[in-house]
Amino acid sequence: MLRGFAAASAFCRGGSSALRNSSASARPSPVRASFNSHDVRALSSTPLAAVGAQQRSSCSRESSASFPNGEGGSFSSWSTLGAAVVGAGLTCLSSTPAQSEAKVFTRAEVAKHDNPKDGIWVMYKDGVYDITEFVANHPGGQDKIMMAAGKSIDAYWNLYRQHLNNKTASDLLQEMQIGVLDPNEPREEVDESNPYSKDPARHPGLKFHSTQPCNAELPVPMMDSWITPNEVWFVRHHHPVPIVDIKNYVLEIKGEGLRPTTFTLDELKTKFTKRKIVSTIQCGGNRRADMNQVEKTSGTAWGCGAISTAEWGGVRLLDVLHHCGLTDPEGAQVAHVQFVAADEMTASVPVEKVFNPYGDVLLAYEMNGEDIPLDHGYPVRAVVPGHVGVRSVKWVTAVIASAEEAKGPWQSGMAYKMLPSTMKDLTGVDIESKVSMQEQPVQSAITSPPFSLTPCFCGPGVNAGAA
């Protein structure tokens, strides 16, 4: 599992060799501009206007940045940016150029750059950015980022607010700026309403890494019970919590070797024997903060609390598939079972896990004796014991028997692949061919005595371990 974390660091470190080997000379170079304190004030309305403008007013695009090791460097190269992100301890960041000195593009010009041959450009606020060399290393997968090719990413960042929760994304984008939008063009209207406004309230005792989307871990002092109370169960979201109208909810079962069938929640409860299991679910990024002590990664810096345990109630997925006619997956050439969520997230598990009579894969509708809370997958979620948390898909609307794995960043993207620690750059790598994370190894975290006396960085609490 730890090897899987190495993939995330490619997000920060992947650009250096890619830029050196590219044909980017045919495209505009990142804009260089010196500026003074007056320029900094003027830049406050431009895209990515600098984090900490006062600090940057004493720097110029041409000047060397100061690093803890005393080495100088210009932000004109990917390698310097990568060093800064990975932990060089950057003192002064390069700035967005003053609009009067930047190359100006129309939206129509940007729209032409929506493919690798012509270059992949995007717009953010008033800026124009060449992201061609970054696409292969996008943590959310190439398909996701290519949806914005030649367009504005404002609406995407408004939805995927993890881009706004830390400086890494904005720093990377800033280095790729090649110009600004024509100020004489009417500005496109962007829906800036908050898609997270209907998310459920959360327990204040959770340790929040972000609230939009919500990523919060079980606090160590509350690791005093084998069964985690629903209120403090760790939360890992990629999107706003979908609101499911239970009156209209149906679960669709389809795919190879079975009869397409739909079930309401009541039908699931009445047609099948209710099963109960106790299972722990753990995020694939759990203890990333500990990994950062060895080598800097990207992604949420979870402590040891991205893990929780519950008693789940529901129906065996195996029983449902048998009911729909799938009894011989090998004969039907079914190798994977895919889950589709109401928020369009997809993931899959090998069919052997589902058809193992002791595999305990559930379509769960109860959590610790109650209806599953909204944050944890109401009305129905998958529970796949022993497998990485992303496979236990929440808000399930469809189950598909297939010869192939699910598509999308959560299965075929870099974030959930098993990669060697030596792989720092995904340029030219067929990431979909790499093995997806499934079963997790046993690990443990010492939570007492406090971290100041032990190698664990979790804080005070009690002993905790999970498979």
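Observations on the structure shown:
- Wholly enclosed strands (runs of 3 or more DSSP E) of segment 164-239 bearing at least 3 residues open to solvent by less than 30 Å² (accessible area, probe 1.4 Å), under 30 Å from residue 446 (Cα atoms) and modelled with pLDDT of 85 or more: 214-217
- Qualifying residue in segment 184-194 (condition: closer than 20 Å to residue 229 by Cα and more than 22 Å from the chain's Cα centre (by Cα)): no
- Considered as a group, the residues in segment 282-302 that are in contact with a His (Cβ under 9 Å, 6 or more places away or on another chain) and not polar (S, T, N, Q) include one that is surrounded by the most Cβ atoms within 10 Å (Cβ to Cβ), and that residue is 302.
- Some residue of segment 109-123 being hydrophobic (A, V, I, L, M, F, W, C), surrounded by fewer than 19 Cβ atoms within 10 Å (Cβ to Cβ), modelled with pLDDT of 75 or more and not in a helix (DSSP H, G or I): no
- Taken over segment 129-144, the criterion of being assigned to a helix (DSSP H, G or I), open to solvent by less than 20 Å² (accessible area, probe 1.4 Å) and touching a residue at least 60 places away in the same chain (Cβ under 8 Å) is satisfied by 137 alone.
- Of all residues in segment 94-108 being touching a strand residue (DSSP E or B) at 6+ places or on another chain (Cβ under 8 Å) and at pLDDT below 80, the one that is surrounded by the fewest Cβ atoms within 10 Å (Cβ to Cβ): 99
- The single condition from (1) within 26 Å of residue 101 (Cβ to Cβ); (2) in contact (Cβ under 8 Å) with a residue 60 or more places away in the chain; (3) in contact with a Lys or Arg (Cβ under 8 Å, 6 or more places away or on another chain) that residue 171 fails is (3).
- Residue list for segment 368-423, filter: hydroxyl-bearing (Ser, Thr, Tyr), under 17 Å from residue 342 (Cβ atoms) and open to solvent by 20 Å² or more (accessible area, probe 1.4 Å): 378, 397
- Residues being farther than 16 Å from residue 341 by Cβ and open to solvent by less than 30 Å² (accessible area, probe 1.4 Å) - total across segment 240-262: 1
- Residue in segment 310-322 that is buried (at least 21 other Cβ atoms within 10 Å of the Cβ), within 22 Å of residue 201 (Cβ to Cβ) and either over 23 Å from the mean Cα position of the chain (by Cα) or at pLDDT below 95 (or both) present: yes
- Failed item, numbered, when residue 389 is tested on (1) more than 16 Å from residue 310 (Cβ to Cβ); (2) touching a Cys at 6+ places or on another chain (Cβ under 9 Å): (1)
- Per-region count, segment 263-306, residues touching a residue at least 24 places away in the same chain (Cβ under 8 Å), β-branched (Val, Ile, Thr) and either in a loop (DSSP other than H, G, I, E, B) or closer than 21 Å to residue 337 by Cα (or both): 6
- Residue 244 touching an Asp or Glu at 6+ places or on another chain (Cβ under 8 Å), touching a residue at least 24 places away in the same chain (Cβ under 8 Å) and not aromatic (Phe, Trp, Tyr): no
- Hey, residue 270 more than 25 Å from residue 330 (Cα to Cα), open to solvent by less than 80 Å² (accessible area, probe 1.4 Å) and of a type outside the set (Lys, Arg) or not: no
- Any chance residue 261 is farther than 24 Å from residue 388 by Cβ and polar (S, T, N, Q): yes
- Residue list for segment 347-367, restricted to those being open to solvent by less than 30 Å² (accessible area, probe 1.4 Å), of a type outside the set (A, V, I, L, M) and touching a residue at least 60 places away in the same chain (Cβ under 8 Å): 348, 365
- Yes/no for residue 257 being outside any helix (DSSP H, G or I), touching a helix residue (DSSP H, G or I) at 6+ places or on another chain (Cβ under 7 Å) and among the small types (Gly, Ala, Ser): no
The values are calculated or read from the model by the stated rules, or taken from the named source; none is laboratory data. Source: prediction; values computed, not measured. No Cβ is skipped: glycine too gets one built from the backbone with ideal geometry, and neighbour counts run over all protein chains shown. The protein model used for the area step is the full one, side chains on, heavy atoms only, and it has no ligands, DNA or RNA in it. Shrake-Rupley method; radii C 1.70, N 1.55, O 1.52, S 1.80 Å.
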